[in-house]
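Each remark here refers to the structure printed beneath this line.
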């Protein structure tokens with residue numbers, strides 16, 4: 001089975017051959033970001049690096065989309081939505097709902113946090129878990145705030 005990065009590279013070739021400008025541009029941009037991250041961190045390209053880089057790219061696109069919506073730029077909003085859909089195909093399904101709440105409850109017990117001032121301890125405990133790559137930490141922080149007095 002090919003790695004995530006190998007699949008992305010193969011999909012670039014398919015998009016270019018199909019003359020799909022949107023997909024080929026989005027995938028090439030993602031490829032460049034992955035290679036840049038690999039060089040910056042002096043790490044080989046693996047699935048963890050690819051997922052982290054793609055998550056960051058999707059977050060940046062979502063933030064830009066929100067700004068474009070405020071500015072009334074429907075054309076740029078649509079372009080960002082298309083690019084987000086393309087990149088999300090490569091991201092694993094995140095941890096949500098009851099599973100996320102259970103992980104947070106374990107992290108609160110593990111860290112011994114008693115108040116919102118100690119929220120950093122809980123986030124730190126979550127980041128040490130093997131499932132950390134699948135956690136949306138913005139959603140997790142809201143849940144942690146709700147659980148801590």
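Since every read-out is calculated from the coordinates, none of them should be taken as a lab result. Not measured: the values here are computed from a predicted model. So basically every Cβ, Gly included, is an ideal-geometry build from the backbone, and we count neighbours across all protein chains shown.
Some notes on this structure:
- Full extension of the chain between residue 117 and residue 37 gives 25.5 nm of extra length, using 0.36 nm per residue less the Cα-Cα distance.
- Using alpha-carbon coordinates, inclination of helix 47-70 to the longest axis of the chain, degrees: 80
- Whole-number percent relative contact order across the chain, with pairs defined as alpha carbons under 8 Å at least 6 apart: 20
- Global form of the stretch 107-149, assessed from the alpha-carbon gyration tensor, a/c cut-off 1.5: oblate
- The stretch 4-88 shape via C-alpha gyration tensor axes, a/c threshold 1.5: oblate
- Measure of compaction for the chain (Cα Rg per 2.2 N^0.38 Å): 1.23
- Helix 137-147 vs. the chain, principal-axis angle (Cα, 0 to 90°, nearest 10): 20
- Value of [θ]222 nm, deg cm²/dmol, for the chain, DSSP H segments ≥ 4, -39500 (n - 2.57) each, nearest 500: -24000 deg cm²/dmol
- FRET efficiency for the pair residue 6 and residue 73, taken as 1/(1 + (r/R0)^6) with r the Cβ-Cβ distance and R0 = 41 Å, rounds to 0.70.
- Based on C-alpha pairs under 8 angstrom that are at least 6 apart in sequence, the stretch 53-92 has a relative contact order of 52 percent.
- Principal-axis tilt of helix 74-88 within the chain, Cα atoms, nearest 10 degrees: 70
- Distance (nanometres) between label positions extended 7 Å along Cα→Cβ at residue 22 and residue 89: 1.2
- The stretch between residue 101 and residue 145 holds 14.7 nm of extra length on full extension. This uses 0.36 nm per residue minus the Cα-Cα distance.
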